[in-house]
Amino acid sequence: MLFFLKKLLSSLFYPLSVSLIILVSGLILLFSRKQRTGRCIILLAVILLFISSLNPVADIFLQRLEYKYPSITDTSVLNLPGENIKWIVVLGGGHASDSRVPVSGQISSETLVRLIEAIHLHREIPGSKIVLTGGKFFDPITEAEATAKVA
């Protein structure tokens, strides 16, 4: 239940959700005495949705998260003395079970990229194990199981 509430509340803060909430507020005002305010709010929602949809704007928000930790581009650093890497964790990024689609098409493109990199690192790091994450949210199988099928 707590997981469901977390997913529900966090989805309210996505740019699309915020834009739709503002848009609905503007529509409500449009059918009241404050039509001018309603039109301004609707315009604000459309502008916000448009700006947040542009790649440069989305990249600005993502860069802070993506570049917080350096990526491993030189695999020779993985074999340094004192470095004992045992686990490679693949965070889930979404999936949809559908028997009409190949298993590689059932996981999101983000999850597929993460999985490919994890397999690459696993081959470079002797003795390492890959840990797949992800639960089942409105789906009969967990995301970890769907990713394992692709692996």
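The values are calculated or read from the model by the stated rules, or taken from the named source; none is laboratory data. None of these values were measured; they are calculated from a predicted model. Positions of Cβ are generated from backbone atoms using ideal geometry, with glycine treated the same way; all protein chains shown enter the neighbour counts. Ligands, DNA and RNA are stripped out before the accessible areas are found, and what is left, the full protein with its side chains, is counted by its heavy atoms. Shrake-Rupley method; radii C 1.70, N 1.55, O 1.52, S 1.80 Å.
Please compute the modelled spin-label separation between Leu20 and Val57, points set 7 Å along Cα→Cβ, answer in nm with one decimal. Between Val57 and Leu20, the label points sit 1.8 nm apart.
Can you tell me the orientation of helix 109-124 relative to the chain, as the angle in degrees between its alpha-carbon axis and the longest Cα principal axis, to the nearest 10? Between helix and principal axis, roughly 20 degrees. Given (i) 43, 36, 26; (ii) 63, 33, 30; (iii) 71, 35, 30 as candidate values of Cα extents along the principal axes in Å, which corresponds to the one derived from the coordinates? The calculated read-out lines up with (iii).
On a per residue basis, region 9-58 carries 77 Å² of accessible surface, using protein heavy atoms and a 1.4 Å probe. Between the helical axis of 35-53 and the longest alpha-carbon principal axis of the chain there is an angle of about 20 degrees. Over the chain, DSSP H runs of length four or greater, each weighted -39,500 (n - 2.57), average out per residue to a 222 nm ellipticity of -17500 deg cm²/dmol. Peptides 126-136, 48-58 ranked from most to least packed give 126-136, 48-58, packing being the mean of other C-beta atoms within 10 angstrom over each peptide's residues. Helix 2-11 and the long axis of the chain differ in direction by around 60°, with both axes built from C-alpha atoms. The per residue volume of the convex hull around the alpha-carbon atoms of region 1-71 is 103 Å³.
When a 1.4 Å probe is rolled over the protein heavy atoms, the share of accessible surface on the chain that falls to carbon and sulfur comes to 66 percent. Given the C-alpha centroids of region 116-148 and region 13-72, what is the distance between them in whole angstrom? So the two Cα centres are separated by 33 Å.
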